[in-house]
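Chemist: Below you'll find the structure I mean.
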Amino acid sequence: MRCPFCAHENSQVKDSRPTEDGSAIRRRRQCEDCGARFTTFERIQLRELTVLKSEDKREPFDRAKLERSIAIACRKRPVPTERIERLASSIQRQIETSGESEMPSARIGQMVMEGLKALDPVAYIRFASVYKDFREAKDFEDFAGTISEAGKE
């Protein structure tokens, strides 16, 4: 593993343990050259996944990008980082177990929306504003109205 501080090629694993949800292995490493310590995470990848974007563009699935978009929606909200990671793991697992090697980005966005809806209503609206491409305040009002109506049922 390359050191993020000095770019030396070798590091020693000092400690390994599973993450809380068991979806990854957390490793504490120390660079053999500069002695700096850093943490890495190893995750299981069942198969190569490709995301189908608009206009038939394809790009490899990027879990970090998924986590980042969820975290942005949850910024300054009382949502622990572990819950964001758990949601990303759940979505990744759904994609991997779907049996498809290519997944439309719209379907991934829908999975994120469903997860955020259960996690935090404000984060859900924030993500929806980008995902559904809200253009004006009325779009927010209409969407928020559907949420409050669904809560009354």
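Chemist: What are the residues in the stretch 57-69 that are part of a helix (DSSP H, G or I) and in contact (Cβ under 8 Å) with a residue 40 or more places away in the chain, if any? Show your work before the answer.
Modeler: Looking only at the stretch 57-69, we keep the residues that are part of a helix (DSSP H, G or I), and these are 63-69.
Of everything in the stretch 57-69, those that are part of a helix (DSSP H, G or I) and in contact (Cβ under 8 Å) with a residue 40 or more places away in the chain turn out to be Leu66, Ser69.
Chemist: Okay, next question. Identify the residue in the stretch 99-131 that is among the small types (Gly, Ala, Ser) and assigned to a helix (DSSP H, G or I) and, among all such residues, is farthest from Arg58 (Cα to Cα). Steps first, answer last, please.
Modeler: Let us first name the residues in the stretch 99-131 that are among the small types (Gly, Ala, Ser), namely 99, 101, 105-106, 109, 115, 118, 123, 128-129.
Right, trim to assigned to a helix (DSSP H, G or I) and you get 105-106, 109, 115, 118, 123, 128-129.
On the way: Ser105: 10, Ala106: 13, Gly109: 15, Gly115: 24, Ala118: 29, Ala123: 27, Ala128: 23, Ser129: 24 Å.
This residue is Ala118.
Chemist: Next question. Taking the stated definitions as given, is Ile108 free of Cβ contacts under 8 Å to residues at least 24 places away in the same chain, closer than 26 Å to Lys65 by Cβ and either out of contact with any His (no Cβ under 8 Å at 6 or more places or on another chain) or among the polar types (S, T, N, Q) (or both)?
Modeler: Details: free of Cβ contacts under 8 Å to residues at least 24 places away in the same chain: no; closer than 26 Å to Lys65 by Cβ: yes; either out of contact with any His (no Cβ under 8 Å at 6 or more places or on another chain) or among the polar types (S, T, N, Q) (or both): yes.
So Ile108 fails the test.
Chemist: Go through (1) of a type in the set (A, V, I, L, M, F, W, C); (2) surrounded by 15 or more Cβ atoms within 10 Å (Cβ to Cβ); (3) outside any loop (DSSP other than H, G, I, E, B); (4) touching a residue at least 40 places away in the same chain (Cβ under 8 Å) for Ile72 and report which single condition fails.
Modeler: All conditions are met except number (2).
Conditions (1) closer than 20 Å to Arg43 by Cα; (2) at pLDDT below 90; (3) assigned by TED's automatic domain parsing to the domain that holds Glu55, marked per residue:
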position	(1), (2), (3)
Pro78	no, no, yes
Arg83	yes, no, yes
Leu87	yes, no, yes
Thr97	yes, yes, yes
Met113	no, no, yes
Val130	no, yes, yes
Phe143	no, yes, yes
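Chemist: Now a separate question. Just the residues that are buried (at least 18 other Cβ atoms within 10 Å of the Cβ) and either touching a Phe, Trp or Tyr at 6+ places or on another chain (Cβ under 9 Å) or in contact (Cβ under 8 Å) with a residue 60 or more places away in the chain (or both), please, taken from the stretch 77-105. Show your work before the answer.
Modeler: Of all residues in the stretch 77-105, those buried (at least 18 other Cβ atoms within 10 Å of the Cβ) come to 79, 84-85, 87-89, 91-92, 95, 103.
Correct list: Glu85, Ser89, Gln92, Ile95, Met103.
Chemist: For Ile44, indicate whether it is farther than 24 Å from Lys132 by Cβ, without any contact (Cβ under 8 Å) to a residue 24 or more places away in the chain and touching a Pro at 6+ places or on another chain (Cβ under 7 Å). Even if it seems obvious, please write down each step before you answer.
Modeler: Working: farther than 24 Å from Lys132 by Cβ: yes; without any contact (Cβ under 8 Å) to a residue 24 or more places away in the chain: yes; touching a Pro at 6+ places or on another chain (Cβ under 7 Å): no.
For Ile44, the condition - farther than 24 Å from Lys132 by Cβ, without any contact (Cβ under 8 Å) to a residue 24 or more places away in the chain and touching a Pro at 6+ places or on another chain (Cβ under 7 Å) - is not met.
The values are calculated or read from the model by the stated rules, or taken from the named source; none is laboratory data. The shown structure was predicted, so the numbers you read here are calculated from the model rather than taken from an experiment. Here the Cβ is made from the backbone with ideal geometry for all residues, glycine too, and neighbour counts use every protein chain on show.
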